[in-house]
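The values are calculated or read from the model by the stated rules, or taken from the named source; none is laboratory data. A quick note: this is a predicted structure, and the numbers were derived from the prediction, not measured. Ideal geometry is used to build each Cβ from the backbone, glycine not excepted, and the neighbour counts take in all protein chains shown.
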Amino acid sequence: MEKNRNNYCQRMLALIFAATFTAVMYVNQQALIYQMGLKLKTNSDIYTKLVDHNKILVYNVLNLSSPVTLERRLLAKEVELSMPSKWHVVKNDHSPKKVVLNSKELAKKGPLSNLFAKGR
Amino acid sequence: MYKGTTPRIRKVLYALILAFALLVVRLIFVQLGAAKPLSDIASSQYKLAVSLLPKRGVIYDRNLKELAISINLTSVFADPFKIKDKELAARKLSAALGAGQAETYQKLSREKGFVWLARRVSPDKARAVASLNIKGIDFIKEPQRVYPNGVMASHALGFTDIDNNGLEGLELKFDKYLKGIPGWRYAVRDAKQREVPGYNYKEILPVDGDNLVLTIDSMVQALAEKELNNGFEKYHAKGGCVIVMDPYTGDILALANRPSYDPNNAQSAPADYRRNRAICDFFEPGSSFKIVAASSLLEEKAVRPGDKFFCENGEYRWCGHTYHDHTAHGWLAFRDVIKYSSNIGTMKAAQKLGKDRFYKYIKKFGFGEKTGIDLPGEVNGVTRHPGTWSKLSLCSIAMGQEVTVTAIQLACAISALANGGNLVKPRIVQRIEACSGHAIQVFEPKKPQRVISEATAKEMRDILRSVVDDGTAQLAELEGYFPAGKTGTAQKVEPNGVYSHRKFTASFIGFVPYDNPKFTIVVIMDEPRPIYYGGVVSAPVFKKIAGELMSYAKIQPKEPPQPRRLPTR
């Protein structure tokens, strides 16, 4: 009788322990999910912020390199670009096939230099 | 019942049983009768539907330079219930946002849980507001359509409203491709209404909008806009437009209008400024339309270039009306009739063609019908059927009166002469691309329709070259490139129905170089002042654009040919 009662108590205790353990594990899992979600969200927010910032910078670069803006800026500095007159053009029948510019020379070339010859 | 229980305990027990029974009944009632609405109320308290906005597609020019992009900007909103000291908050916020303090205070005083304070503010302003750290102020990201080139190509591109719906131009025409499909995320929120991360139980991702690749070349567009603007301001015109087209494919390389507007701030511009005059406005073309009369006369062999016409020394009375030339001429060969733009010579020549044959060519050149360009608001123009023509109509139409056209129709017509006699369909969109880059739809150039023979087209090119070389359009001459074209100066019709002597439409339509045309250029100026001749107002604009285009296309100038004498019969 006493033995049965002990067995019964042990089973009950085991059950209670198992149920408690499962519940704790479940809560732990939920906490981990939340933590991971928070981390992902933080990373995603940083990523989105960087992408947005990048897009705004791209827009600024496009705006600055826009022919309309360049024209306005050049006119503000009283620099007028015009097509070359005949006397601006030097015709060289024996020119080398390709002129290789070094990086310094390339840096000097303006964005419109291949389109217009500068003249006042 | 157990022995030994007192009546009082029994009463308590009965009361408990009754209470429990009532709870069970209530539970059954709730579960069977009101489960759905109550469940919905509960869901609305902890569920959160987050709208996922798609990215609107990019509009590129033909060289894949961005003409319209979307950026995410921060919008600031407030929950007035959570703000304790509204006056202090209004003072701080108005300083950070650059808004009026009274207006901000008024917004914060509303009996609402959500109030917009500022939408799509600059990152600096958003940072300034965030640094205030005011409880009840929050932020949301919203996409903003921006146009890096400002006014450039604004009429072709159009613009969007605050919710990113296309309202004008290509933004409107291709809105269903550009806007994409919004998505949703159903998330769980906590007691403080914040989204609980990691508990999304349903997510439908947004589909980003497709990208458009245009035929417009932003450099050509910039050149056209610059020169149009110079002409527009110099001659105080009411309006103006320029079209630059590839005469072989119909590709629109530039489409510029004045007055113009900045699509980044479209609402501030009057509706008149936003009208795409190149396709939405029709006008009497005047002498520019003589290219149609001349082409049809030559094609039908009703006249030969050397046939002579007496131009009545500048004044000719016919059917009760007196017609004038702007310069008095005697006998002129037909080619010189066009070269000097003689109205009298043209009307005499047109009579040899007859109204039915002339009408056939007007239709063949595409007048009176939409060209089918992928822009909203295109109009037909007016060409009446010969059955309704008066005795004067044949002559009037040959001179470009009693007929109305659009600039884009003129561009197609002059392109037909430039490319050897084929009428091309204008094309402004090359293809639609998915955001991954693969083409969804490609708009190939439509097969052109032959209008006149190659021989007639060549003859016309020679005649139009003489117009620039020695005729009414000498101000369009470009040394070394030999452009060709036709001037037009049309009187506008006053509201009382008579031709105005104060209001004119000055036009020049042409191509360059004349022997191997690369570009067709149409320049229209509406009501220029004080000078109103197409050869003086529009031809120089053509010359400037053509010159810069030649440099851009790296076409070398040629040596001038030996002086040639055109044979006369």
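Within segment B:399-411, how many residues turn out to be in a helix (DSSP H, G or I), polar (S, T, N, Q) and in contact with a strand residue (DSSP E or B) (Cβ under 6 Å, 6 or more places away or on another chain)?
Going through segment B:399-411 one residue at a time, the tally reaches 0.
Which of (1) surrounded by fewer than 22 Cβ atoms within 10 Å (Cβ to Cβ); (2) farther than 23 Å from B:Pro445 by Cβ; (3) in contact with a helix residue (DSSP H, G or I) (Cβ under 8 Å, 6 or more places away or on another chain) is the odd one out, the single condition B:Ile397 does not satisfy?
With respect to (1) surrounded by fewer than 22 Cβ atoms within 10 Å (Cβ to Cβ); (2) farther than 23 Å from B:Pro445 by Cβ; (3) in contact with a helix residue (DSSP H, G or I) (Cβ under 8 Å, 6 or more places away or on another chain), B:Ile397 is out only on (1).
Quickly run through segment A:5-32 and pick out the residues that are among the β-branched types (Val, Ile, Thr) and under 18 Å from B:Gly198 (Cα atoms). Please lay out each step first, then the result.
Start the filter on segment A:5-32 by keeping residues that are among the β-branched types (Val, Ile, Thr), which leaves A:16, A:20, A:22, A:24, A:27.
The one that is among the β-branched types (Val, Ile, Thr) and under 18 Å from B:Gly198 (Cα atoms): A:Val27.
Mind checking which pairs have a first residue in segment B:244-259 that is outside the structural domain of B:Ala153 (by TED's automatic domain parsing) and a second that is among the basic types (Lys, Arg) and part of a strand (DSSP E or B), Cβ under 6 Å, 6 or more apart or different chains?
B:Gly250/B:Arg427; B:Asp251/B:Arg427
For B:Ile414, are the conditions met, namely being at pLDDT 95 or above and surrounded by fewer than 20 Cβ atoms within 10 Å (Cβ to Cβ)?
Taking the combined requirement at face value, the residue does not satisfy it.
Does segment B:1-13 include one or more residues that are over 19 Å from B:Phe114 (Cα atoms) and among the small types (Gly, Ala, Ser)?
Yes, segment B:1-13 contains a residue that is over 19 Å from B:Phe114 (Cα atoms) and among the small types (Gly, Ala, Ser).
Determine whether A:Asn43 is at pLDDT below 90, part of a helix (DSSP H, G or I) and loosely packed, with under 11 Cβ neighbours inside 10 Å.
no
Write out, first by first residue and then by second, each pair whose Cβ atoms fall under 7 Å of each other, whose residues are 6+ apart or on separate chains, and whose first residue, in segment B:148-177, is farther than 18 Å from B:Asn276 by Cα while the second is aromatic (Phe, Trp, Tyr).
B:Pro148/A:Tyr59
Give me the pairs, please: first residue somewhere in segment B:516-537 and assigned by TED's automatic domain parsing to the domain that holds B:Thr406 and buried (at least 18 other Cβ atoms within 10 Å of the Cβ), second residue anywhere and in a strand (DSSP E or B) and aromatic (Phe, Trp, Tyr), beta-carbon distance under 6 Å, and either six or more positions apart or on two chains.
B:Pro517/B:Phe511; B:Thr520/B:Phe511; B:Val523/B:Phe508; B:Tyr532/B:Phe504; B:Gly534/B:Phe508
Pairs please, first residue from segment B:66-85 and within 14 Å of chain A (Cβ to nearest Cβ), second anywhere and part of a loop (DSSP other than H, G, I, E, B) and of a type in the set (Val, Ile, Thr), Cβ atoms under 6 Å, 6+ apart in sequence or on different chains.
Filtered contacts from segment B:66-85: B:Glu66/B:Val58; B:Ile69/B:Val58.
From the list B:Ala118, B:Ala89, B:Ala99, B:Ala128, exactly one residue is out of contact with any strand residue (DSSP E or B) (no Cβ under 8 Å at 6 or more places or on another chain), assigned by TED's automatic domain parsing to the domain that holds B:Glu195 and among the hydrophobic types (A, V, I, L, M, F, W, C). Which is it?
Answer to the selection: B:Ala128.
Need the failing condition index for B:Pro37 against (1) more than 60 Å from the chain's Cα centre (by Cα); (2) modelled with pLDDT of 85 or more; (3) surrounded by fewer than 10 Cβ atoms within 10 Å (Cβ to Cβ), just the number.
Here B:Pro37 clears every test but (1).
Got at least one residue in segment B:105-112 being among the aromatic types (Phe, Trp, Tyr), surrounded by fewer than 19 Cβ atoms within 10 Å (Cβ to Cβ) and outside any strand (DSSP E or B)?
Restricting attention to segment B:105-112, the residues satisfying the condition of being among the aromatic types (Phe, Trp, Tyr) are B:105.
With the extra rule that they be surrounded by fewer than 19 Cβ atoms within 10 Å (Cβ to Cβ), the set shrinks to B:105.
Keeping just the survivors that are outside any strand (DSSP E or B) gives B:105.
There is at least one residue in segment B:105-112 that is among the aromatic types (Phe, Trp, Tyr), surrounded by fewer than 19 Cβ atoms within 10 Å (Cβ to Cβ) and outside any strand (DSSP E or B).
State which residue is farthest from the other protein chains (Cβ to nearest Cβ) when the search covers only segment B:113-149 and only residues that are assigned to a strand (DSSP E or B) and more than 20 Å from A:Lys55 (Cα to Cα).
Restricting attention to segment B:113-149, the residues satisfying the condition of being assigned to a strand (DSSP E or B) are B:115-121, B:137-146.
Restricting the remaining residues to those that are more than 20 Å from A:Lys55 (Cα to Cα) gives B:115-118, B:137-138.
Working: B:Val115: 24, B:Trp116: 20, B:Leu117: 20, B:Ala118: 17, B:Ile137: 18, B:Asp138: 14 Å.
Within segment B:113-149, the match that is farthest from the other protein chains (Cβ to nearest Cβ) is B:Val115.
Determine whether segment B:217-236 contains at least one residue that is part of a loop (DSSP other than H, G, I, E, B), more than 14 Å from every other protein chain (Cβ to nearest Cβ) and out of contact with any Pro (no Cβ under 6 Å at 6 or more places or on another chain).
Yes, segment B:217-236 contains at least one residue that is part of a loop (DSSP other than H, G, I, E, B), more than 14 Å from every other protein chain (Cβ to nearest Cβ) and out of contact with any Pro (no Cβ under 6 Å at 6 or more places or on another chain).
Within segment B:203-211, identify whether any single residue is among the aliphatic types (A, V, I, L, M) and either surrounded by 24 or more Cβ atoms within 10 Å (Cβ to Cβ) or part of a helix (DSSP H, G or I) (or both), and answer yes or no.
No, that holds for no residue.
Restricting to segment B:162-212, count the residues that are within 14 Å of chain A (Cβ to nearest Cβ), of a type outside the set (D, E, K, R) and farther than 17 Å from B:Pro143 by Cα.
8
For residues that are of a type in the set (S, T, N, Q), modelled with pLDDT of 90 or more and not in a strand (DSSP E or B), tally how many sit in segment B:42-93.
Qualifying residue count, segment B:42-93: 1.
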